[in-house]
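The values are calculated or read from the model by the stated rules, or taken from the named source; none is laboratory data. Computed from a prediction, not measured in an experiment: that's the story for all the values here. Note that each Cβ is placed from the backbone with ideal geometry, even for glycine, and that neighbours are counted across all protein chains shown.
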Amino acid sequence: MTEIRHFTASAVVFDYADRVLLVHHNKIGLWLYPGGHVDPNEDPAQAAVREVREEAGIDVEIITEEPFRHPAVGSVASPFTIITMPVTDRKVGAHEHIDMVYVCRALTTEVTHQAEEVGGCTWVAVADIAALATPPELPSLIAEAAVFARTHA
């Protein structure tokens, strides 16, 4: 049996008060950072930025290490991490998401959510994330992303 895998891209977005942007995902009923599937002809960094704009209505810049550069090739911003997770939905059934997670800085902070997919969005202090309904790995991933953002901004 061949395992179905989808490439996704997500963004852990911080504002200048070191709060993180979380969206309430309608399908799974949990607070997450914005993200979604990488569209055809789109690189993962573009997908992460697009998903934030679609889900929260704000623009962001990616915080990353300086990429390899050479005149013969292009380069794409490197994600903070790449994680895999099992997913089940009515459309595809059981499959795996390979998620390229980027750390971003918000260029604007007034959020407006996409009601079809996101039940709400809010800025949360990193210390308060553990009190919310999130996937189990989210608080520690965001805490590490906050350290990365402070040391690379």
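Taken as a whole, the structure places Ala48 among residues that are touching a Cys at 6+ places or on another chain (Cβ under 9 Å) and among the small types (Gly, Ala, Ser). A count restricted to segment 63-73 and to residues that are free of Cβ contacts under 8 Å to residues at least 24 places away in the same chain and either in contact with a His (Cβ under 9 Å, 6 or more places away or on another chain) or surrounded by 10 or more Cβ atoms within 10 Å (Cβ to Cβ) (or both) stands at 1. The listed residues are Val38, Val52, Val60, and the only one of them that is surrounded by 15 or more Cβ atoms within 10 Å (Cβ to Cβ) and in contact with a Phe, Trp or Tyr (Cβ under 6 Å, 6 or more places away or on another chain) turns out to be Val38. Residues in segment 28-86 that are within 10 Å of the chain's Cα centre (by Cα) and within 18 Å of Ala115 (Cβ to Cβ): Leu32, Pro34, Gly35, Gly36, Glu51, Val52. Taking the condition within 18 Å of Glu144 (Cβ to Cβ) and within 17 Å of the chain's Cα centre (by Cα), does Leu22 pass? So Leu22 passes the test. Can you name the residue in segment 96-123 that is touching an Asp or Glu at 6+ places or on another chain (Cβ under 8 Å), of a type outside the set (Val, Ile, Thr) and loosely packed, with under 15 Cβ neighbours inside 10 Å and is also nearest to Leu138 (Cα to Cα) among such residues? Once the filter is applied, the top-ranked residue is Glu96. Only one of the numbered conditions (1) of a type in the set (Asp, Glu); (2) loosely packed, with under 15 Cβ neighbours inside 10 Å; (3) farther than 18 Å from Gly29 by Cα is violated by Asp89, and that is (3). For beta carbons closer than 8 Å, sequence separation of 6+ or different chains, a first residue in segment 82-94 that is over 19 Å from Leu138 (Cα atoms) and a second that is of a type in the set (Ser, Thr, Tyr) and in a strand (DSSP E or B), the qualifying pairs are Ala94/Thr88.
Take the residues of segment 35-94 that are at pLDDT below 90 and either aromatic (Phe, Trp, Tyr) or touching a helix residue (DSSP H, G or I) at 6+ places or on another chain (Cβ under 8 Å) (or both): which is nearest to Val111 (Cα to Cα)? Selected residue: Glu65.
Yes or no, residue by residue, for (1) at pLDDT 90 or above; (2) farther than 15 Å from Leu21 by Cβ; (3) not charged (D, E, K, R):
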{"residue": "Arg105", "(1), (2), (3)": "yes, no, no"}
{"residue": "Gln114", "(1), (2), (3)": "no, no, yes"}
{"residue": "Ala131", "(1), (2), (3)": "yes, yes, yes"}
{"residue": "Pro135", "(1), (2), (3)": "yes, yes, yes"}
{"residue": "Ala146", "(1), (2), (3)": "yes, no, yes"}
